[in-house]
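Trainee: Can you keep this structure in mind? I'll have questions shortly.
Just so it is clear, none of the values below were taken in a lab; they were calculated from the coordinates. Source: prediction; values computed, not measured. Note that each Cβ is placed from the backbone with ideal geometry, even for glycine, and that neighbours are counted across all protein chains shown.
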Amino acid sequence: MRRPLLALGVLCAALGLLATPAASAGTAPVAATPATPTVPAPSATVGVGGAIGEHHRMLGGADGFLGRPLTGEIRTPNGRGAYVVFEGGSVYWSPATGAQEVHGAIREHWGRLGWENGPLGFPTSIEYSTMRSGGAYSAFQGGSLHWSPATGAHLVKGAIRDAWGRSGWETGPLGFPTSDEYDVPGGKRSDFQHGHITWTPRAGAVVSAPSAVAGCTTRPVGTTPEHAVHCTLRAWVAGRPDLVRAHTGRAAASILLDPTLSRMRAGVVSAEGCAAAEPSEAAPLVATSIGVVCTVRLSHPVTAPAEEGGWLYLGMGRDTRGVHVENIVTGG
C-alpha cells in the first residue's frame, strides 16, 4: 500500500533519549481504505485527534515541520495500528509503540521495506539527529534506520546492530551503514563506510574495520598531555579497557571503566585542550601532579543524560612510562 507524501527531506524533530511507548488515548481508527492514487490538498477541515493528534501538536501542529494533515486517521493494513499522512511526513500509532512521527528519506526507505508489515515493524521513536556528519536515525520495533547525506538511509538490526553499537555507532571506526543487512554464505552481513560486520551462528557478529586505536597501543616516554588524552579517549570509545589502563592511572581507569560512565562512550564530542590547572566554578579542582588539566566535552552530562553540555576534567600525571591521565572529575 503506497502512502503518498508531498514534502521530503530529513529534519530532526527533537534531541534526547528515545521516547517511551505510550498507549493511544484517542478514538478508534476508521476502517482501512485503499491506496490513494493522488495526494489530496491539505485541508484545515481535516481533524486529527487522539494520540496521533496529540503527537502532531507536540511537534508544532500545522506550523511545525509536519504541516497540515492530508488524510484522516487510517487503520494500517495489518489492523494493528493507525496512521495519518501530513504534508511533511506521517505519524504512526500502535498499542505497543504509541504515536511516532516518521518522515523524509527514512520514511521512504521504511516504505520500500514494507512499512509496518516489513522487518522493522512500527516506529518506536521520532527522528533524531546524530552527532556526526549531519545524519539522522529512527528506531523501530525490529531495528533502526540510519541516514547521512553521504550514505542515504539503511537498515541495521539484530546482532549486527548490537555489535555496531558497541563499536560506537556512527562515531566509531565503522561510520554510517552503506547497505541494508544481506545474506552471505552461512550468515548475514552489513556494510559500513569503513568496514563491515558479518554474523554467523557459530562466530556471532564479527567486526572488520580499520583499527580505532592505531598509534595508541603503547605509551612513549615523550608522550604529551594532548596525546595521552587523545589515546585515552580513542581506547575508551573503542571499548579497549587494556589500552585505557595503558594511558591512565589506576584511579582514572576505574572511573572511565565504571559501567555508568561507560554508557557515555558514544557521547564523546571532542577534547577541548589542556592548560595549567586553575580551579574555578566552571572547572572543579582535579588532582594533577604536573599541574595540567585537560577537558573533554560529552554530548550529554554524565549526571543527566537527557540534557546537553557534560564534561570530563582530566588531571594529568607522569610516571616512568611518560605522561598519563592521573585523575578524572565529571561535571555537567
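Trainee: Just how large is the dipole of region 42-96 about the Cα centre, in debye to the nearest 20, putting +1 at every Lys and Arg Cβ and -1 at every Asp and Glu Cβ?
Mentor: Details: 4 positive and 4 negative charges, 32 e Å.
It comes to approximately 160 debye.
Trainee: R0 = 35 Å: FRET efficiency of ARG297 with ASN78, Cβ-based, nearest 0.05?
Mentor: Numbers: r = 44 Å, r/R0 = 1.27.
With R0 = 35 Å, the Cβ-Cβ based efficiency is 0.20.
Trainee: Pull out the extension gain between SER289 and ARG166, defined as 0.36 nm times the separation in residues minus the alpha carbon to alpha carbon distance; nm, one decimal.
Mentor: Details: separation 123, 0.36 × 123 = 44.28 nm, distance 3.36 nm.
Roughly 40.9 nm would be gained on extension.
Trainee: Same structure, new question: Using the count of nearby Cβ atoms within 10 Å as a rough guide to exposure, how do ILE328, ILE74 rank from fewest to most?
Mentor: With the fewest neighbours first, ILE328, ILE74 line up as ILE74, ILE328.
Trainee: Run the numbers for ALA214 and ALA96: contour at 0.36 nm per residue of separation, minus the present Cα-Cα distance, in nm.
Mentor: 38.1 nm
Trainee: If each residue of separation counts as 0.36 nm, what is the full-extension length gain between GLN141 and ASP258 once their alpha-carbon separation is subtracted?
Mentor: Between GLN141 and ASP258, full extension yields 39.2 nm more.
Trainee: If you take the square roots of the eigenvalues of the alpha-carbon gyration tensor of region 41-158 and sort them as a ≥ b ≥ c, do you get rounded (a/c under 1.5), prolate (a/b over b/c) or oblate?
Mentor: Note, shape of region 41-158 comes out oblate.
Trainee: Please give me, ordered by residue number, the trypsin sites (Lys or Arg not before Pro) of region 191-256 that lie in loop per DSSP and have at most 11 other Cβ atoms within 10 Å.
Mentor: Details: sites: ARG202, ARG234, ARG245, ARG250; in loops: ARG202.
Answer by residue number: ARG202.
Trainee: Return the equivalent ellipsoid semi-axes of region 157-210 as a descending list in whole Å, where each equals the square root of 5 times an eigenvalue of the C-alpha gyration tensor.
Mentor: Listed largest to smallest, the semi-axes of region 157-210 are 17, 11, 9 Å.
Trainee: Further question: Give the Kirkwood hydrodynamic radius (Å, one decimal) of region 133-247, defined as one over the mean of 1/r across all pairs of different Cα atoms.
Mentor: Over region 133-247, the inverse of the mean reciprocal pair distance is 15.2 Å.
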